[in-house]
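Chemist: One structure follows; several queries about it will come next.
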Amino acid sequence: MPGAIDDFSTLVSIKTPDDLLQRPLYHERINITQSKLAEVLAPYRFKDPYPCGISDCRTLHQRGFLVRTEDDKETNIGKDCGVSYFGQDFKIKAYLQEQRATLKAQIDVLDGVRHRQPELMHRIADLFNRPFGVKWAESTLRGFKDAVGHVIYRQVRDRAARSEVVVESTREATAEERQRQQALRGKSK
């Protein structure tokens, strides 16, 4: 097995049992007692349980590994069977392939985002600058905070964060509050 975690040369993608069945070296059942582990080729997760490829096991599982034996046979095996039949060698190789598969999936996601970067940057700019967008929301919140003061702003913000949006009581604004509101309206014109 290649030593580098970023070497994806032996990693294969197994999404369904059909992916297993289409592999030329795959055997649905093998007598594992006559074989030694060569490689763990890939982890997999199936929607529905699928039988273990060890002929005297056949336990149904949804999560397992595609393995290749030294006699060039491939089969699927669950984690527990892998450790039982192949010991620490399996555990180490399975862990490395899981890490490779995770790293490869993350790289694929990042590559997809990188290729969409111009489109995403345009979308972000649009959300920021459009009418009632981020720039407007920030300005409106700043104006609201200036109008009601820091203490009331924090109380309203905290209530909104807790989804407590019901108004419990109302009152007339004081003369000072009305003056402050009129002054703010004058600033925004």
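Chemist: Provide the percentage of antiparallel DSSP beta bridges, counting only those with both residues in the chain; round to the nearest 5.
Modeler: 85
Chemist: With each label point set 7 Å from Cα along the Cα-Cβ vector, what nm distance links residue 138 and residue 126?
Modeler: 2.0
Chemist: Given labels modelled 7 Å from the Cα in the Cβ direction, how far is it in nm from residue 176 to residue 153?
Modeler: 1.8
Chemist: So which trypsin sites (Lys or Arg not before Pro) in the range 94-127 pass both tests, a DSSP loop state and at most 13 other Cβ atoms within 10 Å of the Cβ?
Modeler: Numbers: sites: 100, 104, 114, 116, 123; in loops: 116.
Filter output for the range 94-127: 116.
Chemist: Select from 148, 122, 40 the residue farthest towards the positive end of the dipole of the chain; place +1 on Cβ of Lys and Arg, -1 on Cβ of Asp and Glu, and compute about the Cα centre.
Modeler: Positive-end residue among those listed: 148.
Chemist: Continuing with the same structure: Roughly how many whole Å is it from the C-alpha centroid of the range 114-148 to that of the range 33-99?
Modeler: A separation of 50 Å, based on Cα centres.
Chemist: So which aspartates and glutamates pass the test for residue 104, namely a Cα distance under 16 Å, with those fewer than 8 places away in the same chain ruled out?
Modeler: Straight-distance partners of residue 104: 6, 7.
Chemist: Placing +1 on the Cβ of each Lys and Arg and -1 on the Cβ of each Asp and Glu in the range 17-115, which of 20, 78, 99 has its Cα farthest towards the positive end of the resulting dipole?
Modeler: Result: 99.
Bear in mind that the values in this text are calculations on the coordinates, not laboratory data. Note that the structure is predicted; figures quoted are calculated from it, not measured. A quick note on method: Cβ atoms are made from the backbone with ideal geometry, for glycine too, and the neighbour counts reach across all protein chains shown.
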